[in-house]
Each structure stands twice: as C-alpha cells, then as structure tokens.
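The next block holds one structure in the form of structure tokens; read it before the comments.
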Amino acid sequence: MTAAGPSQAARAAGDPAGRRAPRELVKQASGGPPRRLVVPAPAKVNLFLHVTGRRGDGYHTLESLFTLVDLADTLTLETRDDGAVVRSGDVPGVPADEDLALRAARRLQEASGGRHGVSIAIDKSIPMGAGLGGGSSDAATVLLALNRLWDLGLSREALIDVAAELGADVPFFVFGQTALARGIGERLGPMTMPTTWLALAFPDVHVATASIFAAPDLTRSTPSAKIDVFSEGYGRNDLAGVACARHPAVAEALAVLTKLSPHARMTGSGACVFAPFAREDDAAQAVVALPAALRGRVVRTLARHPLAAFA
C-alpha cells in the first residue's frame, strides 16, 4: 500500500468563491426561481487538530487543517409562503428543537429580514458523534441553500458571520474548501492539497465533544505553526489521547489503522478514525482488512463544497 500523509503538500491557496457546484449533486425545480432544492451536506475530516490554548471565556483555541470528503447527508429544502421553519420527518437522536439545521434557517431568516419559510428534510448518512461534523455541515448547507432558495444574494462573508453564531465548525463548511482554521475556528485560510483517499473506521461508540474538551488531562498548549505549508505526516490530534482513554473502542480502531498507515488518526473529538492513502485501491484494501466488528468505508477529499456557487 502507498500511504499518503494526512497533510501531504498542503499549501496556502486562493479564495474559492465563484466556483460552480457539480451539477449532478444539486437538483432544483426548473424554470424561474427555485422553490425546492435537494442538496448534499458533506462531512469533514481534521487532518490534524492542535489545541493551542484556552480563552478566559472557556473556549479553546485551535489550529486544525480541515478538508471536506464525499460522505454526505442529503437535505431537501422547500420554500414555504407562511414564514414557518419546520422539519419534515424525523432525524433519529435529534429532537426538532435541538436541530442545528433549523436554528440556522431561523437565524438566517432573522438576519436577512426574510418573509419566506422553509420545510427541511434531512436524510442522514454521516454518523453522529463521530467527529465528522454532520450537524455543522447540515447547518452550513441550509445557509448556502437558502441563500439561493430565498434569493438573498448574501456574500460568503455574510453567511460566515451567521455561521459563527451557530457553532465552531459551521464557518468552515460555509467557507467551502480545505482550510487551516485558527482561533476558535473562525479564522480560516484557504489551502490546497492533492486528492487523497481515506479509509474510515467507525467504532461503535458515541463521543460527546464537550466531555473531551472538559477533560483535565487534555493537552492545551501545543505551539501554533509558524508556516502555512505542511509536510507529509505533520501534526497530530490533541484530542485523541483523551478519547482513546475514555473509549477503548476508539483506541483499538486507531491501533488497527496504524498498522495499515503510519499516518492514521482520529478526526475531531472522535469516534471516527481514518488512514490516508494516495490511491483508492489501497484505501479499499485497508477497509477490507478491518476486523468484522469494525465498520469502514472509503471516501475521497473534495476540493470545494458542492454548493460553492451559492454564495
């Protein structure tokens, strides 16, 4: 197998604005302004994640290389003329009053002074509690899709401002490309990297992000990088030690993948772990080599969010 470093050839890049979304990923009503969109909400992987400090207000400061991958939830949004924001159907484990996607729609409605409402259906494919950012991606995709559906014409920067009120990872998904994130996730710099294939492994546990960040033994003092070019194998995930100690299944999955790639890591606060490869076949072989009790799949990195043209 040919392993690829998780930050191989990652370099500072230009602004992604204005790129077109792949046509096969976005469906809308034909003729006139769309009233219905069916759109993907892609997952993310943290290729490295360093905790650099903790602010006086309790928020942790981070430095992380984020990239999008082609594992995605599917959202169906349909304009309502009564101004209501509602969810169509259930999302297992997510009550409607806690759904970040609905919060995103309502906050955008308030920020834009919009009169339209929306009905949102979410078909989940991104596992929850895995560190893949499914809830944050759903919220960001709602912001981008409603910018088109409600014909708001807001800039990406304006949408990022709204996203920052919803959660630390939401701005990245609106930003819409591989990025180096600093601060509490709001300072984003575009990066480029070659397409990489990832073997994902999903331990059968749900990791609560808040509990990992609250752990007294969490490393909170990793120095910030002084460069914006990251060589193969750069960095680590500072949250992995705590997650592995609290959830042995995560430690076991990481140990399995480390035998297949020296650059295997956990993403986010877990529980998903991944191993990067330069070739799809090698990633597929890694998934086949996983123990029967450990679910896995192959994904590839995305250069741009499928809805990049919506802002």
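None of the figures in this text is laboratory data; all of them are computed from the coordinates on show. These numbers come from a predicted model, not from an experiment. Note that we place each Cβ from the backbone using ideal geometry, even for glycine, and neighbour counts take in every protein chain shown.
Test of understanding: extend the Cα→C-beta vector of Asp217 to 7 Å, then name every residue of segment 233-259 with backbone N under 19 Å from that spot. Only 237-255 fall inside the zone, counting backbone N under 19 Å. Measuring max minus min along each principal axis, the C-alpha atoms of segment 14-191 give extents of 48, 35, 31 Å (largest first). Qualifying GluC sites (Glu not before Pro) in segment 134-215, where qualification requires a DSSP coil assignment and no more than 16 other C-beta atoms within 10 Å, comprise Glu165, Glu186. Packing here is the average count of other Cβ atoms within 10 Å per residue, and on that basis the peptides 40-53, 110-123, 251-264, highest first, run 40-53, 251-264, 110-123. Once divided by 2.2 N^0.38 Å, the Cα radius of gyration of segment 197-301 becomes 1.10.
Annotation: amide H of Arg187 within the under-5 Å range of Arg182, sequence separation 5 or more or interchain, hydrogens built in the peptide plane. Building the convex hull from the alpha-carbon atoms of the chain and averaging its projection over directions returns 15.6 nm². Of the Cα atoms belonging to segment 110-216, the radius of gyration and Dmax stand at 15.8, 47 Å.
Quick one: Cα centre-to-centre distance for segment 55-116 and segment 174-230, in angstrom? Measuring centre to centre over Cα atoms gives 20 Å.
Taking the Cβ of Leu294 as the center, what net charge do the other residues with Cβ under 15 Å away carry, scoring Lys and Arg +1 and Asp and Glu -1?
Numbers: positive: Lys259, Arg295, Arg297; negative: Asp204, Glu252.
Here the charged neighbours net out to +1.
In order along segment 301-311, the Karplus-derived 3J(HN,Hα) couplings, from 6.51 cos²θ - 1.76 cosθ + 1.60 at θ = phi - 60°, round to 6, 10, 6, 9, 5, x, 9, 4, 7, 8, 8 Hz, and Gly and Pro are given as x.
Can you compute the helix-only [θ] at 222 nm over the chain? Use -39500 (n - 2.57) per DSSP H run of at least 4 residues, normalise by all residues, nearest 500 deg cm²/dmol. Working shown, then result.
On the way: 8 runs with 79 residues, N = 311.
Mean residue ellipticity, 222 nm, calculated: -7500 deg cm²/dmol.
Farthest towards the positive end of the charge dipole of segment 14-191, among the residues Ala179, His50, Leu71, is the Cα of Ala179, using unit charges on the Cβ of Lys, Arg, Asp and Glu. For segment 73-78, 3J(HN,Hα) computed residue by residue from phi via the Karplus equation (6.51, -1.76, 1.60; θ = phi - 60°) reads 6, 10, 10, 10, 10, 9 Hz, glycine and proline entered as x.
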